[in-house]
Amino acid sequence: MNITKYVVSMFMLLPAVDAYAMGDADPLVGMVKFDQLEFRDASEGKPLVWEAEAWLGYDLNKVKLKTRGERLDGVTESAELQLLYSRAIDPNWDLQLGVRHDFLPKPDRTWGVVGVEGLAPWYLETDAALFIGESGQTGIRLKTEYELMLTQRLVLVPELQLTAYGKNDLQYGIGSGLSDLELGIRLSYEFKREFAPYIGLNWERLLGKTADLARDEGHETNDLQWVVGVRFWF
């Protein structure tokens, strides 16, 4: 299945942009945001990890880029880029359709993406996506976090992320079912809303068949890391 053609066909079925969304009352705006740019003190070194997004569009309709990855000792270990069309379907939720490409690790892969992003009950910022890959592979990623304002400048952010796959992929060390769990907590100081350095802890654990594959290769299945980084946007 050609994933790119499939997603493009989905775009063509979307309704036209509402007329008022192109007017002066709804100007074209954009943003670049690094949610995480941090060094981690991990068991296998001190990787640089990033998670960022950029978007351009109107109140209801946007084009969005998302990227995440990791570098260790000057070498990029993993790198992912998503190109998404984002449509507001509710005051708190956006529907997202598009393409994800994993540049690393090799060989690279392309997925179709169907997801939602928004504010769940109890003010949980949530990003959930279904990935449809080649050879019938599927994946699900759920990420949620909560911003707790301790003071006007100190912000505590607990975070949870879960990943699951539809079937085994031995080439990438992936087992079917729940694959990994990541829990983090970061304390940031907002010099201004657009710039906030932080420190924190991050715990990663492989699960199920993915953990079994890692053990067979002699790798650790869980890792507790100190992190130091910065969150900023413009």
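List of remarks:
- Hydrodynamic radius of the range 130-186 per Kirkwood, over alpha carbon pairs, in Å: 13.2 Å
- Cα-projected label distance for Trp226 with Glu77, points at 7 Å along beta-carbon direction, nm: 1.9 nm
- Over all distinct Cα-Cα pairs of the chain, the Kirkwood formula returns a hydrodynamic radius of 19.2 Å.
- For the range 199-215, backbone phi angles converted through the Karplus equation (6.51, -1.76, 1.60; θ = phi - 60°) give residue-by-residue couplings of 10, x, 10, 9, 10, 10, 9, 7, 10, x, 5, 5, 5, 4, 5, 5, 4 Hz, Gly and Pro being listed as x.
- Asn168 long-range amide H proximity, modeled H, under 5 Å: Ser176
- Remark on Lys46: its backbone amide H falls under 5 Å from those of Asp73, a criterion applied only to residues 5 or more positions apart or on other chains, H modelled at 1.01 Å from N.
- Cα-Cα separations in the range 114-234 greater than 22 Å, expressed as whole percent: 47 percent
- Our coupling estimate for the range 151-160, obtained by passing each phi through the Karplus curve with A = 6.51, B = -1.76, C = 1.60 and θ = phi - 60°, is 9, 5, 10, 8, 10, 9, 10, x, 8, 9 Hz, Gly and Pro reported as x.
- What the phi angles of the range 169-183 give under the Karplus curve with 6.51, -1.76 and 1.60, with θ = phi - 60°, is a coupling list of 9, 5, 4, 10, x, 10, x, 5, x, 4, 9, 7, 10, 10, 10 Hz, glycine and proline written as x.
- Ranking of Ser188, Ser135, Ser176 by count of other Cβ atoms within 10 Å, fewest first: Ser135, Ser176, Ser188
- Computed magnitude of the charge dipole of the chain (debye, nearest 20; Cβ of K, R +1, Cβ of D, E -1): 260 debye
- Less than 5 angstrom separates the built amide H of Ser78 from those of Glu70, all sequence-distant by 5 or more or on a different chain.
- Local net charge near Ala128, Cβ-Cβ under 9 Å (Lys/Arg +1, Asp/Glu -1): 0
- For the range 158-234, the dipole from Cβ point charges (+1 on Lys and Arg, -1 on Asp and Glu) about the Cα centre works out to 320 debye, to the nearest 20.
- 16 Å reach of a label modelled at Leu187, 7 Å along Cα-to-Cβ, counting backbone N of the range 36-63: none
- When its C-alpha radius of gyration is set against 2.2 N^0.38 Å (N residues), the range 178-234 gives a value of 1.53.
- 5 Å binning of all Cα-Cα separations within the range 99-173, expressed as whole percents from 0 upward: 4, 13, 19, 19, 14, 10, 9, 7, 3, 1
Every read-out reported here was derived from the displayed coordinates using simple, explicitly stated rules and does not represent laboratory data. Treat the numbers as computed from the prediction; the structure is a model and nothing was measured. When we count neighbours, we look across all protein chains shown, and the Cβ atoms used for this are built from the backbone with ideal geometry, even at glycine.
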